[in-house]
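Below: one structure, written as structure tokens.
Coordinate-derived values only; no laboratory data. Predicted, not measured: the structure shown is a model, and the values here were computed from it. Note that we place each Cβ from the backbone using ideal geometry, even for glycine, and neighbour counts take in every protein chain shown.
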């Protein structure tokens, strides 16, 4: 079971952006560094060394120290690389307060980006420059979904793991009459005029949503009955959009439900879209977990057990799980105690772990560390040839998956 999107990498980038977006330095002392894949690491270190020397001219002792410390930390980290990774490297380094002014600690954040870094950038500012990283999260493929019949039309935008219903258009056109004679012909002519006006409105809305707004790269059109073909053949859809129509499908519904149905029915055409990948993964899990003796488990203890036994084919984790593993290592005897906790309860659990004496030697002197549960799952999965997939919590399938605690595994073989 393989998918094309590296959802864990995207999850890490999004989490880093969220974490760093609100960070502010006291002055222009936060370093942002973007290294293209072919840029020699020794050149980057040399550039930073020059910047370190230039920073010696900063008048403020505190700012000068913070900038030079941030650059030193970045250079030390870069020395661990023989060459830049395949997509380049992004680093953020700077002195950030831990408890108000004067409590600054130099932190370094690094990430291998999901797409190649296009140009070298060094920037020292009062904030981290995240805009280039954000640009990498923008989906290259954006699909317009148009579901239309004689009564209503739904317009949706599908991009990555998000499907947004952007517009709904109702026709107000009455159904066909069963009466005969002249009145029937007049009725039909009036109905055709109303339908033509409605088609023009749908076309205008499609232009606004799919060209002026999202600039879609492909179109999926569908609906019940022959109305969709009449709409397309009548030239009501802007020629740019008509040229982007990938497939026309029959559906049971139009409007909002029709848009969702189209995404489902066009899964072969949309196979590279993350939302479709996630739908298949969650549906596979649900079919297994609801079947007696099915190849699926959920909740952290059973998922970790499946990984440790090399029985997890793919681990599914919700992007809003926000769970950490805390480790307290006794400085006296080296004993480690571990606790898994929601990030919101991290401080309380840390205090409790630090105040509880070591069971081996009675000391209360610990080194604390924390790790995102997704990182732990990924490391364990890599060792046994399994894959981790992060599932968006903002989708219909994502919401269904969350009812199982947001963590599950599809197994390689049935557990006895």
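Distance between the pseudo-spin-label points of residue 308 and residue 82 (7 Å out from Cα toward the beta carbon): 3.5 nm. One Cα centroid belongs to segment 181-235, the other to segment 294-361; the line between them spans 56 Å.
The fewest-to-most ranking of 368, 400, 91 by surrounding Cβ atoms within 10 Å reads 368, 400, 91. Taking label points 7 Å from Cα along the Cα-to-Cβ direction, residue 200 and residue 112 give a separation of 5.7 nm.
Among rounded, prolate and oblate, which fits segment 191-239 when a ≥ b ≥ c are the square roots of the eigenvalues of its C-alpha gyration tensor, a/c under 1.5 means rounded, and a/b larger than b/c means prolate?
oblate
Treating r as the C-beta distance of residue 46 and residue 352 and R0 as 56 Å, the FRET efficiency rounds to 0.75. With a Förster radius of 51 Å applied to the C-beta separation of residue 24 and residue 248, the computed FRET efficiency comes to 0.50. Mean separation of Cα pairs under 8 Å and 6 or more residues apart, divided by the residue count, gives the chain a relative contact order of 14 percent.
Full extension from residue 59 to residue 126: what is 0.36 nm times the residue separation minus their Cα-Cα distance, to one decimal in nm?
22.5 nm
The length gained by stretching the chain between residue 185 and residue 240 to full extension, at 0.36 nm per residue less their Cα-Cα distance, is 16.2 nm.
Arranged from fewest to most other beta-carbon atoms within 10 Å of their beta carbon, 105, 35, 248, 173 become 105, 248, 173, 35. Stretched out straight at 0.36 nm per residue, the stretch from residue 141 to residue 233 would grow longer than its current Cα-Cα span by 30.6 nm. The helix-only estimate of mean residue ellipticity at 222 nm for the chain, built from DSSP H runs of length n ≥ 4 each weighted as -39500 (n - 2.57), is -11500 deg cm²/dmol after division by the residue total. Label zone of residue 257 (point 7 Å out along Cα→Cβ, amide N under 18 Å): in segment 197-224 this covers 222-224.
Which FRET efficiency, nearest 0.05, do residue 375 and residue 192 yield, Cβ-Cβ r, R0 56 Å?
Once rounded, the FRET efficiency stands at 0.35.
Computed from label points 7 Å out along Cα-Cβ, the spacing between residue 361 and residue 345 is 3.0 nm.
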